[in-house]
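See structure below.
The values are calculated or read from the model by the stated rules, or taken from the named source; none is laboratory data. Bear in mind that the values here come from a model prediction, so they are computed numbers and not experimental data. Glycine also receives a Cβ, built like all others from the backbone with ideal geometry; neighbour counts cover every protein chain displayed.
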Amino acid sequence: MIIYPKDIKSEDVFDSDFCIIGSGPAGISIALELVKANKKVIIVSGGSKTEGSKNQDLYVGKIDPNSSHEPLEENRRRVFGGSSTVWGGRCIPFDKIDFEKRDWIPNSGWPISYDELLPYYKRANKLLKAGNFEYDIDETSLVERHEIIEGFDDSSIISNKIERWSTPVNFAVEFFSDLENNPLVKVLMDTHLIRIETETRKDIISSIFVSDRYKSFPIYAKTFILACGGIENPRLLLASRNRFHPNGIGNDFDVVGRYYMAHLNGFFADLEPKNRTTILFNFERDSEKVYFRRRWWVTDTAQKKHKIGNVIFFLHKSQNSEGHRDPLFSLVFIVKFLIALINTHSLSNIKIKFKENKIVLKQHFKEIIKGIWKQIPQIINLYFKRFNKRRLPFILPSVNIPKLGLYFQSEQVPNPESRITLSENNFDEFGTPRANVDIKFSEIDKRTVSEAHNIFLTQFNSRNLGNYSLYNENLDECIHQRISNFNSAAHHLGTTRMASDAKVGVVDENCKVHGIDNLYVAGSSVFPTGGHANPTLTIVALSIKLADYLKMQYK
């Protein structure tokens with residue numbers, strides 16, 4: 001059942017087996033599993049079916065002046081379906097080494113293993129419509145084994161790892177009717193958590209207090225699950241201060257909000273391979289028509305040897321303005337730029353955008369005029385692929401452009417001084433303190449990026465596979481610029497981390513908050529480490545695992 005604020009009467013009482021706060025991939029995945037066990041579920045959705053400026057304003061926060069981060073409302077979606085409404089669909093599992101205690105990575109190690117999560121990864125893969133759980137070319141029958149660039153791979157870097165692409169699944173669309181028509185489910189649209197209550201006992205959540213802007217009311221349940229994202233989860237726990245929890249729920253040891261992680265990513269180098277005919281550059285498809293693509297992985301052997309974190313590379317378009325020379329990509333660039341302008345409501349901002357991109361736009365227009373007419377058949381073909389039910393993830397440039405960009409994505413190691421805190425004098429419309437972000441990158445984070453590039457480019461050069469060029473001859477300066485202009489790409493990790501010991505973690509191996517009998521946390525905030533992988537697949541796998549545990553607890 002979907003319930004809107006106008007449908008709620010003052011005499012209504014909300015009581016359930018489970019109350020899930022959050023309606024993104026984590027929250028909805030859990031709800032879908034719990035109703036299979038005939039459990040009553042209330043979902044508190046902090047947004048409605050469409051985005052609104054009032055709701056998005058609740059995500060506004062502050063960036064510490066000694067830090068760098070995109071605005072907190074930029075990459076988050078306060079809407080039913082959460083981040084899945086804008087998700088691109090990339091599915092990548094964590095590697096086995098990510099779960100292990102690594103003596104060169106402080107605060108590493110999960111209280112669960114890769115093998116424990118594996119059956120849930122397989123179920124998550126199907127829920128996300130990413131096909132079979134096959135992420136290693138050597139272990140599947142997808143294709144014959146081939147390297148991305150023949151003669152490149154060795155014990156330090158391999159390219160038998162792949163990433164899979166969901167349709168992508170938008171949870172708001174895919175599961176709306178399932179939730180609407182199920183009598184066990186109540187979805188409270190546009191309803192916002194104000195605080196979590198512990199009225200009579202420190203170890204029991206008695207209720208939560210919410211508001212739909214027309215009225216405020218409590219929600220009762222046997223068990224509560226907080227699933228609001230890597231920034232909002234700690235914010236709401238910290239804001240729920242009371243006589244039993246003066247520092248916030250679950251924060252007896254000052255861990256809530258600490259260990260905030262994301263991923264460093266981007267382009268620092270271009271490649272000019274000698275032989276383009278055998279490069280595995282484009283998307284491939286398996287027997288179920290699921291798109292997948294190759295990437296390079298810095299092996300666990302190399303990570304141990306060089307004492308670095310986890311990192312991957314793949315080929316894409318060059319980020320140098322003169323590096324693309326592809327009329328089709330130029331057309332896509334212009335279209336995306338114009339769409340972004342349409343969504344810009346300020347005339348002064350539109351003028352600024354044009355001024356900032358004047359030279360680049362001119363170059364792209366030249367490429368379009370020069371050669372787009374030759375690619376009309378390809379454009380028609382790509383149109384059908386892009387707007388198919390299982391659509392092409394994105395449009396790649398031609399592999400024959402002069403320079404191919406080398407994209408990287410690397411692990412940020414857990415650091416207790418990298419954290420989310422509460423503002424002391426800035427509050428949202430409900431009186432909840434806004435979030436402050438102070439993300440900190442360590443020397444290991446920087447060394448991971450520099451060492452990985454050195455390994456890759458040295459190997460590429462020594463095998464005489466072509467030429468490469470750095471965007472800045474000083475790699476350390478590239479890293480400094482990236483950190484100084486950091487964007488998390490919505491990968492908000494680690495702020496209510498999982499650990500067996502309450503002194504270094506907020507939740508246990510079952511995602512239950514330490515010291516609280518009926519409060520659980522779901523989502524990427526429970527990740528003890530972040531690896532290199534995009535988080536959605538692991539979020540859904542952990543959510544299904546949590547739902548199975550809850551079903552057993554209340555069988």
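Inspection of segment 160-183 finds no residue satisfying the criterion of being more than 23 Å from the chain's Cα centre (by Cα), more than 30 Å from Thr278 (Cα to Cα) and among the β-branched types (Val, Ile, Thr). Being in contact with a Leu (Cβ under 9 Å, 6 or more places away or on another chain), assigned by TED's automatic domain parsing to the domain that holds Val13 and among the polar types (S, T, N, Q): is that true of Ser45 here? When the stated conditions are applied, Ser45 passes them.
Residue under question is Ala502, and the condition is that it be part of a loop (DSSP other than H, G, I, E, B), modelled with pLDDT under 95 and within 23 Å of Val256 (Cα to Cα); does it hold? Here the answer is no, as Ala502 does not meet what is asked. Per this entry, Phe224 is not counted among residues that are surrounded by fewer than 21 Cβ atoms within 10 Å (Cβ to Cβ) and among the aromatic types (Phe, Trp, Tyr). Per the listing Ile43, Ile105, the residue uniquely surrounded by 19 or more Cβ atoms within 10 Å (Cβ to Cβ) and outside any loop (DSSP other than H, G, I, E, B) is Ile43.
Conditions tested, residue by residue: (1) farther than 18 Å from Val521 by Cβ; (2) not in a helix (DSSP H, G or I).
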position: Ile28; (1), (2): no, no
position: Leu32; (1), (2): yes, no
position: Val35; (1), (2): yes, no
position: Asn38; (1), (2): yes, yes
position: Gly47; (1), (2): yes, yes
position: Glu51; (1), (2): yes, yes
position: Gln56; (1), (2): yes, no
position: Val60; (1), (2): yes, yes
position: Ser67; (1), (2): yes, yes
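Residue count for segment 171-199 under the criterion of being touching a residue at least 24 places away in the same chain (Cβ under 8 Å) and assigned to a helix (DSSP H, G or I): the result is 7. In segment 406-419, the condition of being basic (Lys, Arg), assigned to a loop (DSSP other than H, G, I, E, B) and under 29 Å from Trp104 (Cβ atoms) is met by no residue.
Yes/no matrix, rows are residues, columns are (1) free of Cβ contacts under 8 Å to residues at least 40 places away in the same chain; (2) surrounded by 19 or more Cβ atoms within 10 Å (Cβ to Cβ):
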position	(1), (2)
Pro393	no, yes
Gln409	no, yes
Pro414	no, yes
Glu424	yes, no
Arg447	no, no
Asn454	yes, no
Ile479	no, yes
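Of the residues Ser211, Ser207, which is free of Cβ contacts under 8 Å to residues at least 60 places away in the same chain and farther than 30 Å from Ser418 by Cα?
Details: Ser211 fails: free of Cβ contacts under 8 Å to residues at least 60 places away in the same chain.
Exactly one residue qualifies, and that residue is Ser207.
Scanning segment 61-71 for residues being closer than 25 Å to Asn534 by Cβ, of a type outside the set (D, E, K, R) and either out of contact with any strand residue (DSSP E or B) (no Cβ under 6 Å at 6 or more places or on another chain) or exposed (fewer than 14 other Cβ atoms within 10 Å of the Cβ) (or both) gives a total of 2.
Does Val255 count as in contact with a Ser or Thr (Cβ under 9 Å, 6 or more places away or on another chain), modelled with pLDDT of 95 or more, over 23 Å from Pro397 (Cβ atoms) and not assigned by TED's automatic domain parsing to the domain that holds Ser68? Steps first, answer last, please.
On the way: in contact with a Ser or Thr (Cβ under 9 Å, 6 or more places away or on another chain): yes; modelled with pLDDT of 95 or more: yes; over 23 Å from Pro397 (Cβ atoms): yes; not assigned by TED's automatic domain parsing to the domain that holds Ser68: no.
It is false that Val255 is in contact with a Ser or Thr (Cβ under 9 Å, 6 or more places away or on another chain), modelled with pLDDT of 95 or more, over 23 Å from Pro397 (Cβ atoms) and not assigned by TED's automatic domain parsing to the domain that holds Ser68.
Let me confirm something: among Ile2, Ile30, Ile105, Ile42, which residue is of a type in the set (Val, Ile, Thr), within 21 Å of the chain's Cα centre (by Cα) and farther than 20 Å from Phe430 by Cα? Of Ile2, Ile30, Ile105, Ile42, the one residue that is of a type in the set (Val, Ile, Thr), within 21 Å of the chain's Cα centre (by Cα) and farther than 20 Å from Phe430 by Cα is Ile30. Inside segment 202-259, residues that are within 19 Å of Asp508 (Cα to Cα), in a strand (DSSP E or B) and β-branched (Val, Ile, Thr) make up a count of 2. Is it true that some residue in segment 520-530 is among the polar types (S, T, N, Q), within 27 Å of Lys101 (Cβ to Cβ), assigned by TED's automatic domain parsing to the domain that holds Gly81 and surrounded by fewer than 19 Cβ atoms within 10 Å (Cβ to Cβ)? No: segment 520-530 contains no residue that is among the polar types (S, T, N, Q), within 27 Å of Lys101 (Cβ to Cβ), assigned by TED's automatic domain parsing to the domain that holds Gly81 and surrounded by fewer than 19 Cβ atoms within 10 Å (Cβ to Cβ).
Would you mind stating whether Ala269 is in a helix (DSSP H, G or I) and either modelled with pLDDT of 95 or more or out of contact with any strand residue (DSSP E or B) (no Cβ under 7 Å at 6 or more places or on another chain) (or both)?
Criteria not met by Ala269.
The residue that is nearest to Tyr120 (Cα to Cα), among those in segment 515-546 that are aliphatic (A, V, I, L, M) and part of a helix (DSSP H, G or I), is Ala541.
Within segment 81-90, does at least one residue satisfy the condition of being more than 21 Å from Thr496 (Cα to Cα), crowded, with 21+ Cβ neighbours inside 10 Å and among the β-branched types (Val, Ile, Thr)? No - not one qualifying residue is present in segment 81-90. Of all residues in segment 180-196, those satisfying the criterion of being crowded, with 20+ Cβ neighbours inside 10 Å and of a type outside the set (A, V, I, L, M) are Asp190, Thr191, His192. Every test in (1) farther than 19 Å from Ile205 by Cα; (2) in the same structural domain as Glu33 (by TED's automatic domain parsing) is passed by Ile516 save one, and that test is (1).
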